Amino acid sequence: MPRITKVTTRRGDGGETSLGSRARVPKDARRVCAYGTVDELNSAIGVALAFGLDGALGPTLRRIQNELLDVGADLAMPLRADEDAARRMGSADVSRLEADQATLLAGLEPLKNFVLPGGSPGAAQLHVARTVCRRAEREAVSLGHVEVINPEVLRYLNRLSDLLFVMARVQAKRDAAHEPLWQPRGSASRTKAAASGG
């Protein structure tokens, strides 16, 4: 278990940081940006949990917060041919997210249109987490264009963003909140709302 005895080291004052391999790289390197966004995602999930979410979501999200530290560690450590693959994200992690999604979807009505972020504070924050997750995925893809990364990290982030979307819908339902739907340009409902100032 890591033991953190000192937070400020002053080693990053020159705009560099250390990877898991101890190599020094600029703080705006693609690898650092990718795992930094994963850290931001973890914080966004923490805010959602602080709102007090549905009982079916809390334990899963807390597990995911731990897994996101594993994702960050995976991205922070460049791949080596001789390493232990068990220390990396794997297909079982992805399958677990898929099973979580299937369980939650069983209790929701099928969507008839795109959902706008909102509904309730908890649901809206889960939508924020979903969009941060999508950004983390994009940055990991960008990193993968120039360096070799674990493909299971990409799959994990992709499935997680889908799961967070479903969780936002579950939370809106629990809060008995109206789930705002996209009203395409020119639709009768959007025209009526604009005319009434709504």
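The values are calculated or read from the model by the stated rules, or taken from the named source; none is laboratory data. Note that the structure is predicted; figures quoted are calculated from it, not measured. No Cβ is skipped: glycine too gets one built from the backbone with ideal geometry, and neighbour counts run over all protein chains shown.
Across segment 181-198, the qualifying residues are those that are of a type in the set (A, V, I, L, M) and surrounded by 10 or more Cβ atoms within 10 Å (Cβ to Cβ), and the one among them that is modelled with the lowest pLDDT is Ala194. Given the structure, is Leu154 surrounded by 12 or more Cβ atoms within 10 Å (Cβ to Cβ), in contact (Cβ under 8 Å) with a residue 40 or more places away in the chain, at negative phi and not β-branched (Val, Ile, Thr)? No, not satisfied. Checked against the criterion of being out of contact with any strand residue (DSSP E or B) (no Cβ under 7 Å at 6 or more places or on another chain) and modelled with pLDDT under 95, segment 55-66 has at least one qualifying residue.
If you go through segment 152-180 and keep only what is within 29 Å of Arg87 (Cα to Cα) and at pLDDT below 95, you end up with nothing.
Report yes if Leu69 is surrounded by fewer than 17 Cβ atoms within 10 Å (Cβ to Cβ) and assigned to a helix (DSSP H, G or I), otherwise no. So Leu69 fits the description; yes. State which residue pairs qualify: first residue over 16 Å from Gly144 (Cβ atoms) and β-branched (Val, Ile, Thr) and inside segment 19-44, second residue at pLDDT below 90 and in a loop (DSSP other than H, G, I, E, B) in any location, beta carbons under 9 Å apart, and separation of 6 or more residues or different chains. Here the result reads Val25/Leu19, each pair linking segment 19-44 to a residue that is at pLDDT below 90 and in a loop (DSSP other than H, G, I, E, B). Taking segment 92-118 as the range and being polar (S, T, N, Q), over 19 Å from Asp54 (Cα atoms) and assigned to a helix (DSSP H, G or I) as the test, only Ser95 passes.
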